1. For residue 123 and residue 16, what is the calculated FRET efficiency with R₀ set at 22 Å and r taken between the beta-carbons, to the nearest 0.05?
2. Using the number of other C-beta atoms within 10 angstrom as an exposure proxy, rank 266, 253 with the fewest first.
3. What is the fewest-to-most order of 116, 277, 104 by other Cβ atoms lying within 10 Å of their Cβ?
4. Would you mind ranking 56, 210 by Cβ crowding within 10 Å, fewest neighbours first?
Amino acid sequence: MTRQAISRLFRWAGIAAASALTAWFVWRLVLADWSSLPAELPPILLVAAPALALVYACLGLLLAFAWSWLAGAFIGEGYGQVRLHATTQVMKYLPGNVFHLAGRHGFAKRQGASHRALVLAALAEAGLLVFAAGIVAMLALPYLSGLIALPPAIWITAGACMLTGLALVLAWQRDRVGGILRKLKSARQPLMGAGLAYLVFFAASGLIGYVLFALIAGDNASGYLAATMGAMALAWLAGFLTPGAPAGLGVRESVLLIILAPAAGEASILALAALFRIVTVLGDGLLALGAAAFVKPAVGNGDRLHGQASGLGTPS
């Protein structure tokens, strides 16, 4: 089986999983016993949701700056990448969940960036995002103990297999991996800056989720700050790692429901997941419109990206 066929198989499997989870979430939303909520949804949500969407748009701008630092490190020029990231991010809601990456890659390549440098920058971005989300997701670990009750021997065996596979890949591609590691070492400053930005993003996104949760559930949300922040990060991680799911649609909502519903009630978490999706979509849309309207695009020969890295972008 060719690499393209395997990639297509994984993508269709991800689309199927996301579709099934979306249908399950909508089904639970329709059948939910909303009378279990402490009170009707407060009218303040009509004001809070747009305000939180604006905050989320600012967090999206933080992601765009982080990408520009990585672009400066691996491509050689980060100018124009903030606008490019901000305006293409809304394309993640298209089926396939790759068009925002493809659009960013194609535009930068037309400006002169090399394919290899763009791939390396994208891999660095993905790795740092997963790492940062995983750190914040650890806050939800106490709520996962009842869901993942596997014997320790299974975890140890799985970890040993993963490390062995990684060691074999590194040994097989040691020349190429060595060059990549040297590049990563030289780019440590923008990498650390981007990693910190991603940590702030996931922590602040979790706080947005908790504010919504508190407005929905009232006093019943008390004591669930860490759990909500961790669940939000874990939900993002699950959606990100599911191929073909547009912006993790269905996957993230289902993860929130599975993790938090046993502790806080299904109706509250259903409302939280639905409202958080609305806030993030509005936030990404506001960011794209703002970037397109107010940020100067990078055009002209003087602003073209270099195919080889001629300098390091710094998170300043």
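1. Efficiency, rounded to the nearest 0.05: 0.25.
2. If I rank by nearby Cβ atoms, fewest first, I get 266, 253.
3. 116, 277, 104
4. Starting with the residue having the fewest Cβ neighbours, the order is 210, 56.
Bear in mind that the values in this text are calculations on the coordinates, not laboratory data. Remember, predicted model here, so these are calculated numbers, not experimental data. In this analysis, Cβ positions are derived from the backbone assuming ideal geometry, glycine residues included, and neighbour counts consider all displayed protein chains.
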